[in-house]
Amino acid sequence: MPSLVFDLDGTLIDSAPDIAAALNQVLKDEGLAPLSLAQVIGFIGNGIPALIAKARTHYGLSDARQEVMLAAMLGCYRHDQTRLYPGVREALSSLKAGGYRLGLCTNKNLGPTHEVLAACGLAEFFEVVIGGDSLAVKKPDSAPLQAAFAALGGTPFLYIGDSEVDEETARRAALPFAFFTGGYCHLPEERLTFALKFDSFAGLPEAVRGLAFTAPETSV
């Protein structure tokens, strides 16, 4: 069976409002002004510890605040405003029904990941879930993605994500990358290498099924 692995934040779900709310609560407790949603999105991609580190750098806070702020953010992070991108559930259902084995590889810690998957009704689709704390390293190191495909079994076929972090992860793992253009990418798409790109999940199942028969750089 061919296996597919998805990223989570910015790919399947729009979680930026909740991430921003949690981070801004931490900043408020530190006596600092809130960041805009656009600023927070600019920090997303390498996991919550990196997000905290970027926020500290922005405000000139010392490394000594890292663990305190990280614990505070993990404690107040909720998914009240997190939403699926349109067509995600239908696309996953179609792919699973078509014989693809589905996994998830995210830099979000495993506990919050399972909470979000359950809240959004996605848990049933994924045989394997690798979180940011599942291994000693995070994406763009290829080890988490390789671990996800190894646990899935079958034939590794495609990694689906939304950012330059995901693209680099796939490239390091020597696996094809599908680029969702509606997420949190911080680079122009011409700087990315992908097997296909898509801006709507409605066309993803057909594009994936046809990928073996088309040249790279296919758009849908």
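Quick notes on this one:
- Subset of region 63-92 that is acidic (Asp, Glu) and outside any loop (DSSP other than H, G, I, E, B) - its residue that is surrounded by the most Cβ atoms within 10 Å (Cβ to Cβ): GLU90
- Count of region 21-46 residues, restricted to those that are more than 16 Å from the chain's Cα centre (by Cα), in a helix (DSSP H, G or I) and not basic (Lys, Arg), is 11.
- PHE194 meets all of the listed conditions (1) touching a Ser or Thr at 6+ places or on another chain (Cβ under 7 Å); (2) part of a loop (DSSP other than H, G, I, E, B) but one, namely (1).
- The one condition from (1) over 24 Å from ALA21 (Cα atoms); (2) among the hydrophobic types (A, V, I, L, M, F, W, C); (3) part of a helix (DSSP H, G or I); (4) without any contact (Cβ under 8 Å) to a residue 24 or more places away in the chain that LEU95 does not meet is (4).
- Of all residues in region 67-97, exactly one satisfies the criterion of being touching a Lys or Arg at 6+ places or on another chain (Cβ under 9 Å) and either closer than 19 Å to ASN24 by Cβ or modelled with pLDDT under 95 (or both), namely MET69.
The values are calculated or read from the model by the stated rules, or taken from the named source; none is laboratory data. In this text, all values refer to a predicted model and were calculated from it rather than measured experimentally. Cβ sites come from the backbone with ideal geometry, for glycine too, and all protein chains shown count toward neighbours.
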